[in-house]
1. Leaving out ligands, DNA and RNA, what percent of the accessible area of region 51-198 is carbon and sulfur, probe 1.4 Å?
2. List, in the order given, every pair from Lys7/Lys187; Lys56/Lys93; Lys69/Lys175; Lys120/Lys187; Lys56/Lys120 whose Cα-Cα distance in the structure shown is over 28 Å.
3. Based on the Cα coordinates of region 78-198, what is the per residue volume of their convex hull in Å³?
4. How large, in Å, is region 1-138 by the Kirkwood hydrodynamic radius built from its alpha-carbon pairs?
5. Can you tell me the FRET efficiency between Ala76 and Ala157 if r is taken as the Cβ-Cβ distance and R0 is 22 Å, rounded to the nearest 0.05?
6. Dividing the convex hull volume of the alpha carbon atoms of region 12-81 by its residue count, what do you get in Å³ per residue?
7. Could you give the longest part of the chain that holds none of the trypsin sites (Lys or Arg not before Pro) found in DSSP loops with at most 16 neighbouring Cβ atoms within 10 Å?
8. Would you mind calculating the gained length between Arg63 and Ala28 on full extension (0.36 nm times residue separation, minus the Cα-Cα distance), in nm to one decimal?
Amino acid sequence: MMQKPGKVVVVSQHYPPDPSTTAAIMAAISEHAARETEVLGLSGTAGSAASASAGKPPVVEVRNWMPGKGALVRRALAELIFTVRMFGALLAKLHRGDVAVTVPAPFMLPYAFAAAARLKRAKSVLIMHDLYPDVLVMAGLLTPQSLPARAMRGLNALMFRALDAVVIIGRDTEKLLLRYRGMTRDKIRFIPNWATLT
């Protein structure tokens, strides 16, 4: 008996009608993939299921609470709760042979995403916009040897071992990723930013 091909599951906190660039990118990925195979969106944006009109991939909303940017403690708590909820949704919706795609927003999401994909024997692809803790160190919010920075690097090592592919946009990201023992060149897919093309 021939196995049914898996679906593509696009996982994002931001999805239309959210006006962000991330939402537009994830919707475009969903719609493009839907020309070839079954696609399901898992979204943290209220109204995204209703806005998925006929001919567009279906969307399942995962409840999400978004405090204002100034409320740092409440925002961190909300992102943690959303990540746990998305982990549960992934366990419910992913099946063996599926391909799941996400971005690091919120930054904790890829860890839960990689774990759920591994548990369900699905393939996992992370589109890397920001590499934590490096962006927080560059912003002066963490020092390189601080406990949070070291903890994030430890989680990254586990996550990169579990992921099947990491899509990068900046050329400098590859050498940062290859510092992790779980990351190999064959897992990295480089898509050049238009500004870097000759």
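1. Values: 5270 of 8520 Å².
C and S fraction of accessible area: 62 percent.
2. Details: Lys7/Lys187 20 Å; Lys56/Lys93 18 Å; Lys69/Lys175 32 Å; Lys120/Lys187 20 Å; Lys56/Lys120 25 Å.
Lys69/Lys175, as the Cα separations exceed 28 Å there.
3. On the way: hull volume 14.6 nm³, N = 121.
Hull volume over Cα atoms, normalised by residue count, gives 121 Å³.
4. Numbers: mean 1/r = 0.0653 Å⁻¹.
Kirkwood hydrodynamic radius for region 1-138: 15.3 Å.
5. Numbers: r = 22 Å, r/R0 = 1.02.
Approximately 0.45, to the nearest 0.05.
6. Numbers: hull volume 5.6 nm³, N = 70.
It is 81 Å³ per residue.
7. Details: sites that count: Arg35, Arg63, Lys69, Arg96, Arg121, Arg171, Arg179, Arg181.
Within the chain, the longest run free of exposed trypsin sites (Lys or Arg not before Pro) spans 122-170.
8. On the way: separation 35, 0.36 × 35 = 12.60 nm, distance 2.21 nm.
Value of the extension gain: 10.4 nm.
The values are calculated or read from the model by the stated rules, or taken from the named source; none is laboratory data. Note that the structure is predicted; figures quoted are calculated from it, not measured. Ideal geometry is used to build each Cβ from the backbone, glycine not excepted, and the neighbour counts take in all protein chains shown. The accessibility values were calculated without ligands, DNA or RNA, using every heavy atom of the protein model including side chains. Shrake-Rupley method; radii C 1.70, N 1.55, O 1.52, S 1.80 Å.
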